[in-house]
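Below is one structure; the comments refer to it alone.
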Amino acid sequence: MRSISLVLLLAACGPKSVEPMVSVEPAFDRTTQPGPLESSVFALPVAVMGQLSNGLNVTLIEDHSMPMVELSLSFQVGGWSDPEGQYTLASSTYGMLTEGAGDLGAAELSTELRRLASKLSSSGSDDGGSVSLTTLSRNLAPSLDLMALTLLNPTFSEEEWEIKQRSALQSLAAVRSDASRVARRIAAHVRFADEYNGRLSTEEQINSIAVDDMRAWWSANGVAANANLYVSGDTTLDELLPMLEERFGAWEAGEGSVAAEYMLSEISETEIHFVDMPGAAQSVFRFWSPMPNPGTDTYEALRIGNQAFGGMFTARLNMNLREDKGYTYGANSWVNWDHGTARWELGTSVRTDATVASLNEILSELAAVVADERPLTDNEIERGRSNIVQGFPGRFERAGYMLSQLSSIWHYGLPSDWVDGYIARAEAVTPDQAREAFSAHIASQPFSAIIVGDWATVGEELSSLDLPIHHLDVDGNSVERETPQSVPEEAEQAPSVE
Amino acid sequence: MKALSTVALAASLFSVAAQAQDLSIEHTQYQLENGLTVILAEDHDLPLVQVNVWYHVGSKDEPQGRSGFAHLFEHLMFQGSENQPGEYFDRLQEVGARVNGTTNSDRTNYFEGLGREQLPLALWLESDRMGWLLGVLDQSKIDNQREVVRNERRQRYEIPPYGEVWPDLMAEVFPEGHPYHHPTIGSHEDLEAASLEDVHEWFGTWYGPNNASLVVAGDFDEAEARELIENYFGPIARGPDPELTTAETVVHESETVVRRVEEGVPYDKVWIAWPSAALFAEGDAELDIVSDVLTGGRSSRLTSALVYEQQIAKSVEVYQYSRYLSGVYMIEATAAEGHSTDELVAAIDDVLAGLSESGPTEDELAIAVANIEASFYGGMNTLAAKADRLNTYLFTAGTPDYLQQDLDRYLAVTQEGVQAAAASLNEGRVIFHVTPEATESTTEETD
């Protein structure tokens, strides 16, 4: 057993205001901004680690403020491992773990958990999977019994799968009818085409999965070498480890699998991927472009630069589209990563008749950064940095946040000082680096613009821009669409689809 | 979070109601001369503070023709004030604060979570907009935020499938003239009608310190906080004592059925709604238990009957949505492919009849209470949640010191009480069916 402790001193990074600094006078004056009170040291929550005999790593953050314990068993293997034609196999399998195990049917398992006032759930994504338990600390042992049962002896009942499968098929219809969800789905598809999370679930894929496939998948992938256990709450390592060993020690160690490093689709020119949603009151924008991975200096510089451009309410993007023009309820941009790639993203929903105007504003904001017409100022960059640095402690109110960060380090192979070096990395970026990185890697680069909206209304104006438009359906298939003509009465008709 | 202490938790589930409990959020409460209620809750776990201000006004208080105004006004509270005329977010984002405001039918709240050293900044800004707002508000800000709110309406209600069912359903449950008849987001037409004059009147009527309450939670020194609060909020003039909006209890004599064919929705879905007990009123806790007995888990009555045994529903959800003036008891069910919402209603009625004839079993009641008790701990793990809960209790129960009583309500529920609550779910209800408009079918029939 070893223990790691992460301590971070924030005292050195007090308010870094670049607005005219207000002098703090003893006399009270409400016309000027008050200075800060004495700050105090923020220490990151301390994580302690242990290991079971089968190699399963256990990370615990103690928190005795409530008589509760939360556990999350996090898995490496996700939808990326799905075989051709059975996309959603991994996530379906994770979902079925808690639908009956050992001698307990799904209903009995649920009742037993509810008697203990415990919640046990399982789910999977493209990147991984998890089995999570929330329990009163006094009911930890019997709840762990049930959790272990789902891992070591899941039933994969045919009858339960039929019900879940039907529900999954219906859920596809829900995804396809919601413009925001369509935009996220299509953005993933455009990013990775037919690999990784570019592969979209369809009826065919869901129907192809049988319980035997899940059983085989679980016996290959549901092994300790693919998992890490993260725990927070009212327990100690001394209490916890023997309880875990007793229940999970016999779980097969197996061999771990690691996701490949996937490649993003190339973007040679800024292009629109349009999905028609007739009658939509807004157009949903989801833009992205590739950027350097976490762990690089450029990533850090871009993180700060983006904060100034679109990462805060008061950043340029939202101040323009929302607070000046009133085109949207909100617009922002952020940096994101997954297995082997990172990207810059921008998202907003704009009034349908302001679709092209909004796109033009975004294009001009990006161009202004590049052209030295309106480069990101030192002031904006310092505000962006300060927002990140001073907002850091507030993220740690729940122990689960720290655990999710530790899980990401493991899951995505992030630098080991991802959390404890967070402030230092943000502080190390100079305004010039942030400005230049944002201009060179984001603002001057072509991007991919996914727009979901009402083609009959926006098509003509959008087509007049000098940007290529690819039409896709809600499943990412290419379709042909004619440019609508400006006859207002036709605005409510669906455009022709080949 | 140490201030929330628990003692003597029940050793065995089924004796949970018999155990002595002590569940509280430590705090002190006092009032400024101008009527502002202040609640201080120290918690030194992390060097953070949370400032949470409630104005006791919401969409229930809007005059005819101004639906959505309480919320639009909330947006205007972020447009600066006389001593800080820029965006309200400006100085706060610079110090990494988490800032927002929300409006519902009953109240409008504003909150900042930030480092302990920035408490004066949050108090300065909150007090400045409480006392010195109007001088910087002009027509262009109203025009801009009106557009922003109309976009919020589109994004939250018009784009998501079924998004407009909720406001339409509430308009059926609460008759014309009832404060809950119209939705908090308002109509485009009413939002367009809002004027600068309305803004002045709303502020003058409802935003006085005597109609507000301030919670500060977290890592601060009480004496220091008291002095800052007195300095910043003390000089604000008391406002008029606003007349509280009241409402008659709504009773539907018979069933109202609405059937709607809608474009762009994925499945047949039905909502069944009853006017019900207000928050913390008699019967409120019992209805929460009814919900747990019906859909708390995989083997709960309604879930097991509709989703698993008969397999006529994809999902079913039940909840008691209780507010200040009234609750709404709601059942939402999505039909499985090939089944109609009328089948769902018939099956739901069978289950409800069973529960109102013989009540829940002892086991069902104990399980429900145990799970609700556990949810009390889970829902208190941030300063923001604690601060808002103190204000909820103050506003609704008249005292912030209500956590234990809140839990006690559930511990005191009897099988007979749950049976009576189930029996109250009678014909006096609204049933709202939504069917997708038949277009080109992309999925095969699976009859």
So if I check each of A:Ser110, A:Ser74, A:Ser65, which one is within 30 Å of B:Thr382 (Cβ to Cβ), crowded, with 21+ Cβ neighbours inside 10 Å and over 26 Å from the mean Cα position of the chain (by Cα)? A:Ser110
Residues satisfying the stated conditions in region A:206-241, i.e. away from chain B (no Cβ under 14 Å) and either basic (Lys, Arg) or closer than 30 Å to A:Ala173 by Cβ (or both): A:Ser208, A:Ile209, A:Ala210, A:Val211, A:Asp212, A:Asp213, A:Met214, A:Arg215, A:Ala216, A:Trp217, A:Trp218, A:Asn221
Go through region A:63-92 and give me each residue that's touching a Leu at 6+ places or on another chain (Cβ under 8 Å), within 14 Å of chain B (Cβ to nearest Cβ) and among the charged types (D, E, K, R). A:Glu70
Restricting the first residue to region A:202-220 and requiring it to be of a type in the set (S, T, N, Q), which pairs with a second residue that is exposed (fewer than 15 other Cβ atoms within 10 Å of the Cβ) meet a Cβ separation below 9 Å and a spacing of at least six or different chains? A:Gln205/A:Gly85; A:Ser208/A:Gly85; A:Ser219/A:Glu252
Which number in (1) in a helix (DSSP H, G or I); (2) more than 30 Å from B:Glu253 (Cβ to Cβ) marks the one condition that B:Pro400 misses? (1)
Scanning region B:291-310 for residues that are of a type outside the set (D, E, K, R) and not in a helix (DSSP H, G or I), which turns out surrounded by the fewest Cβ atoms within 10 Å (Cβ to Cβ)? B:Gln310
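For every residue, the table says whether it meets (1) at positive phi; (2) at pLDDT 95 or above; (3) touching a Cys at 6+ places or on another chain (Cβ under 6 Å); (4) not in a helix (DSSP H, G or I).
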{"position": "A:Ser416", "(1), (2), (3), (4)": "no, no, no, yes"}
{"position": "A:Arg435", "(1), (2), (3), (4)": "no, yes, no, no"}
{"position": "A:Ser439", "(1), (2), (3), (4)": "no, yes, no, no"}
{"position": "A:Ile450", "(1), (2), (3), (4)": "no, yes, no, yes"}
{"position": "A:Leu462", "(1), (2), (3), (4)": "no, yes, no, no"}
{"position": "A:Asp466", "(1), (2), (3), (4)": "no, no, no, yes"}
{"position": "A:His471", "(1), (2), (3), (4)": "no, yes, no, yes"}
Taking the condition of being of a type in the set (Asp, Glu), closer than 12 Å to B:Met130 by Cα and out of contact with any strand residue (DSSP E or B) (no Cβ under 9 Å at 6 or more places or on another chain), how many residues in region B:63-97 meet it? 1
Residues that are more than 8 Å from every other protein chain (Cβ to nearest Cβ) and either outside any helix (DSSP H, G or I) or closer than 22 Å to A:Ile423 by Cβ (or both), drawn from region B:74-98: B:Met77, B:Phe78, B:Gln79, B:Gly80, B:Ser81, B:Glu82, B:Pro85, B:Gly86, B:Tyr88, B:Leu92
Within region A:166-179, is there a residue that is among the acidic types (Asp, Glu), buried (at least 19 other Cβ atoms within 10 Å of the Cβ) and either free of Cβ contacts under 8 Å to residues at least 12 places away in the same chain or in a helix (DSSP H, G or I) (or both)? yes
Say whether the condition of being more than 14 Å from chain B (Cβ to nearest Cβ) and not hydroxyl-bearing (Ser, Thr, Tyr) is met by at least one residue in region A:104-113. no
Any chance you could count how many residues in region A:311-328 are at the interface with another protein chain (Cβ under 9 Å from one of its Cβ atoms), basic (Lys, Arg) and in contact with a Gly (Cβ under 8 Å, 6 or more places away or on another chain)? 1
So B:Glu255, is it within 11 Å of another protein chain (Cβ to nearest Cβ), in contact (Cβ under 8 Å) with a residue 40 or more places away in the chain and touching an Asp or Glu at 6+ places or on another chain (Cβ under 7 Å): no
Going through region B:129-142 one residue at a time, which ones are loosely packed, with under 13 Cβ neighbours inside 10 Å and outside any loop (DSSP other than H, G, I, E, B)? B:Gly135, B:Gln139, B:Ser140
Give region A:265-302 a look and list any residue that's assigned to a loop (DSSP other than H, G, I, E, B) and either within 14 Å of chain B (Cβ to nearest Cβ) or closer than 28 Å to A:Glu380 by Cβ (or both), or say none. A:Ile267, A:Thr270, A:Met277, A:Pro278, A:Gly279, A:Ala280, A:Ala281, A:Pro292, A:Asn293, A:Pro294, A:Gly295, A:Thr296
Given the condition in a helix (DSSP H, G or I) and crowded, with 19+ Cβ neighbours inside 10 Å, answer yes or no: does some residue in region B:321-341 qualify? yes
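Against the condition crowded, with 21+ Cβ neighbours inside 10 Å, facing chain A (nearest Cβ under 7 Å) and either modelled with pLDDT under 95 or out of contact with any Lys or Arg (no Cβ under 7 Å at 6 or more places or on another chain) (or both), how does B:Leu123 come out, does it pass?
Numbers: crowded, with 21+ Cβ neighbours inside 10 Å: yes; facing chain A (nearest Cβ under 7 Å): no; either modelled with pLDDT under 95 or out of contact with any Lys or Arg (no Cβ under 7 Å at 6 or more places or on another chain) (or both): yes.
When the stated conditions are applied, B:Leu123 does not pass them.
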Count of residues meeting criterion [within 14 Å of another protein chain (Cβ to nearest Cβ) and either at pLDDT below 95 or more than 26 Å from the chain's Cα centre (by Cα) (or both)] in region A:114-133: 5
Give the number of residues within region A:207-225 that are buried (at least 21 other Cβ atoms within 10 Å of the Cβ) and part of a helix (DSSP H, G or I). 4
If you go through A:Arg374, A:Arg385, A:Arg395, the only one that is more than 17 Å from A:Ser232 (Cβ to Cβ) and not in a loop (DSSP other than H, G, I, E, B) is A:Arg385
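The values are calculated or read from the model by the stated rules, or taken from the named source; none is laboratory data. Source: prediction; values computed, not measured. Backbone-built Cβ (ideal geometry, glycine too); neighbour counts: all protein chains shown.
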